[in-house]
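Have a look at the structure below, then the notes.
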Amino acid sequence: MAQVLTQFDTIAAISTPIGEGGISIVRLSGEDAIEIANKVFKGKDLEQVATHTIHYGHIIDPETKKVVDEAMVSVMKGPKTFTREDVVEINCHGGMVVTNEILQLLLANGARMADPGEYTKRAFMNGRIDLTQAESVMDIIRAKTDKSREIAMNQLKGGLLGQIRELRQNLLDTMAQEEVNIDYPEYDMDDMTGNQMKEVAQQVSKKIEKLLLTAQEGKIMRNGLATAIVGRPNVGKSSLLNYLTQDEKAIVTDIAGTTRDTLEEYVSIKNIPLKLIDTAGIHETEDKVEKIGVERSKKAVQDADLVLLLLDGSRELSDEDKELLDFTKFKKRIIILNKSDLGSKITREMIQKITDSPVIMTSILERNNLDSLATEIEKMFFSGLENSANQVMVTNQRQAGLLQKARQSLQEVITGVDSSMPLDLVQIDLKDAWDTLGEITGESTPDELITELFSQFCLGK
Ligand code: GDP
């Protein structure tokens with residue numbers, strides 16, 4: 001990884017979401033950022049102003065002298081900037097036309113259109129952040145709930161980076177020790193170093209194990225816990241949905257180009273983000289025919305990490321209930337006996353005769369005992385993990401995959417020592433583990449991979 005500031009050309013992009021808005025920001029980064037901005041700005045000589053200051057003026061087309069917009073321009077000289085390069089941000093009036101015109105002016109005056117994620121990539125290339133932090137920038141942008149944003153922020157501060165560096169250092173120390181022994185074979189310390197290598201491999205392995213344990217939670221926090229609410233018509237699904245979406249802010253994402261069926265709705269219940277699956281079917285309750293039925297539930301259940309199965313506790317179990325109980329039995333599920341205010345024909349004991357799944361007796365209508373829903377979810381998915389807010393967490397598949405690979409190499413080290421393999425061969429596995437861990441932080445990540453990773457970013461970041 002380049003720790004030295006590398007000089008790149010100057011890039012420009014619109015950094016705020018495309019569309020109507022109060023203000024938009026067009027951002028420049030690179031050697032000529034200030035010079036280029038100065039060419040299109042009237043109000044002050046930006047090349048003379050102090051760093052980290054903001055200035056009022058107008059954006060003009062230097063050729064036609066036409067005034068394009070009124071703007072506030074921030075000038076930030078490297079290295080104390082996001083990319084470590086000189087950065088200029090033009091705050092202009094929102095709206096596609098004006099913002100685009102300003103961008104075009106900058107491009108005409110020497111800037112190049114930024115690639116997706118290129119600002120973050122530069123921050124990485126210039127050594128300001130590591131890959132785990134770069135990934136957290138992406139997570140922050142995409143965060144669907146407060147909790148997932150909080151965890152991403154934590155990662156941005158370098159929590160995972162610190163831990164990985166420490167593990168790598170442990171391996172490096174051991175490798176260095178082993179090099180000494182290979183170079184001076186007259187010191188016959190093979191036994192000792194073999195055991196030492198094994199010991200370190202075990203220690204590091206254990207710590208990796210711990211990090212991997214957070215990966216499931218990290219995935220949930222990042223993507224939301226995919227949750228299907230199922231039950232036969234009239235048991236209270238849409239009432240539950242209303243409860244969840246009313247009390248907490250629901251974020252509804254309508255993915256362009258797909259039908260309403262794949263509408264994704266996010267809610268958070270006691271800070272656990274739930275991604276509700278197929279709520280479209282539940283919303284359409286006015287239409288009795290369209291009510292979510294067994295067939296449709298089956299589809300939702302397939303994709304779910306968690307199934308909330310509702311039964312009307314005030315009535316006998318119907319055949320449809322039994323069918324639902326049966327086909328969700330291999331899923332992590334919580335059985336909700338609703339309508340307790342109307343009396344109970346189905347008891348907890350009856351359900352517990354057929355399954356170990358936790359049972360909650362509630363009246364959604366009367367908002368009774370709904371807190372225990374969050375408690376059960378916590379028990380099911382987060383038991384054994386302490387206060388997750390400040391915990392270092394593995395938040396994506398890339399990181400988890402590499403941790404597994406590193407653990408595998410360490411396992412080879414242990415087997416190698418146990419079977420008295422020559423230590424310079426064992427050393428190769430140790431080095432592999434060290435390299436693999438380095439890929440997590442980007443310290444030994446191939447260039448193509450880095451390019452690929454950053455291309456997943458959105459434009460202007
Ligand atoms: P869905 O078809 O599963 O979505 O069920 P709904 O949420 O539309 O509920 C069906 C009916 O049951 C509605 O009239 C709700 O007001 C009512 N309902 C829901 N929960 C309760 C409850 O806890 N107690 C009582 N008495 N009625 C409820």
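Only one of these is at pLDDT 90 or above, buried (at least 20 other Cβ atoms within 10 Å of the Cβ) and under 25 Å from Ile450 (Cα atoms): Ala12, Ala71, Ala37. Name it.
Numbers: Ala71 fails: under 25 Å from Ile450 (Cα atoms); Ala37 fails: under 25 Å from Ile450 (Cα atoms).
Just a single option satisfies the conditions, and that option is Ala12.
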Leu365 vs. criteria surrounded by fewer than 19 Cβ atoms within 10 Å (Cβ to Cβ) and not basic (Lys, Arg): yes
Unmet criterion (only one of (1) without any contact (Cβ under 8 Å) to a residue 60 or more places away in the chain; (2) on the phi > 0 side of the Ramachandran plot; (3) not hydrophobic (A, V, I, L, M, F, W, C)) for Lys339: (1)
Consider Thr120 carefully, then state whether it is at pLDDT 85 or above, of a type in the set (Val, Ile, Thr) and not assigned by TED's automatic domain parsing to the domain that holds Ile272. yes
Pairs needed: first member in segment 225-240, at pLDDT 85 or above; second member anywhere, more than 6 Å from the ligand (Cβ to nearest atom) and among the basic types (Lys, Arg); C-beta distance under 6 Å; at least 6 residues apart or different chains. Ala226/Lys275
The residue that is nearest to the chain's Cα centre (by Cα), considering only those in segment 317-336 that are within 16 Å of the ligand (Cβ to nearest atom) and more than 14 Å from Glu376 (Cα to Cα), is Thr328
Among (1) within 16 Å of the ligand (Cβ to nearest atom); (2) surrounded by 16 or more Cβ atoms within 10 Å (Cβ to Cβ); (3) at pLDDT 90 or above, there is one condition Glu265 misses while meeting the rest; what is its number? (3)
Search segment 351-362 for residues being surrounded by fewer than 15 Cβ atoms within 10 Å (Cβ to Cβ) and assigned to a helix (DSSP H, G or I), and hand back the single one that is farthest from the ligand (Cβ to nearest atom). Lys353
So, Asn91, is that one within 33 Å of the chain's Cα centre (by Cα) and surrounded by 16 or more Cβ atoms within 10 Å (Cβ to Cβ) or not? yes
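Can you tell me which residues in segment 58-80 are farther than 30 Å from Gly127 by Cα and in a loop (DSSP other than H, G, I, E, B)?
Step one: of segment 58-80, the residues farther than 30 Å from Gly127 by Cα are 58-71.
Result: Asp61, Pro62, Glu63, Thr64, Lys65, Lys66.
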At pLDDT 60 or above, within 28 Å of the chain's Cα centre (by Cα) and more than 13 Å from the ligand (Cβ to nearest atom): is that true of Arg260 in this structure? no
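State yes or no: is Thr83 assigned to a loop (DSSP other than H, G, I, E, B), modelled with pLDDT of 95 or more and either on the phi < 0 side of the Ramachandran plot or not charged (D, E, K, R) (or both)?
On the way: assigned to a loop (DSSP other than H, G, I, E, B): yes; modelled with pLDDT of 95 or more: no; either on the phi < 0 side of the Ramachandran plot or not charged (D, E, K, R) (or both): yes.
No.
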Criterion: farther than 19 Å from Leu172 by Cα and either at pLDDT 90 or above or charged (D, E, K, R) (or both) - qualifying residue of Asp429, Asp424, Asp418, Asp435: Asp418
Considering only segment 427-446, state which residues are of a type outside the set (Phe, Trp, Tyr) and over 16 Å from Gln133 (Cβ atoms). Gln427, Ile428, Asp429, Leu430, Lys431, Asp432, Ala433, Asp435, Thr436, Ser444, Pro446
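Could you please find all residues in segment 338-350 being in a loop (DSSP other than H, G, I, E, B) and more than 9 Å from the ligand (Cβ to nearest atom)?
To start, the set of residues in segment 338-350 that are in a loop (DSSP other than H, G, I, E, B) comprises 339, 343-347.
Once the filter is applied, which keeps residues that are in a loop (DSSP other than H, G, I, E, B) and more than 9 Å from the ligand (Cβ to nearest atom), segment 338-350 yields Gly343, Ser344, Lys345, Ile346, Thr347.
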Single condition Ala300 does not satisfy, out of (1) part of a strand (DSSP E or B); (2) modelled with pLDDT under 95: (1)
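Residue under question is Ile450, and the condition is that it be farther than 22 Å from Val267 by Cα, at pLDDT below 90 and of a type outside the set (Lys, Arg); does it hold?
On the way: farther than 22 Å from Val267 by Cα: yes; at pLDDT below 90: yes; of a type outside the set (Lys, Arg): yes.
Yes: the conditions hold for Ile450.
The values are calculated or read from the model by the stated rules, or taken from the named source; none is laboratory data. What you are looking at is a predicted structure, and each value in this text was computed from that prediction instead of being measured. A quick note on method: Cβ atoms are made from the backbone with ideal geometry, for glycine too, and the neighbour counts reach across all protein chains shown.
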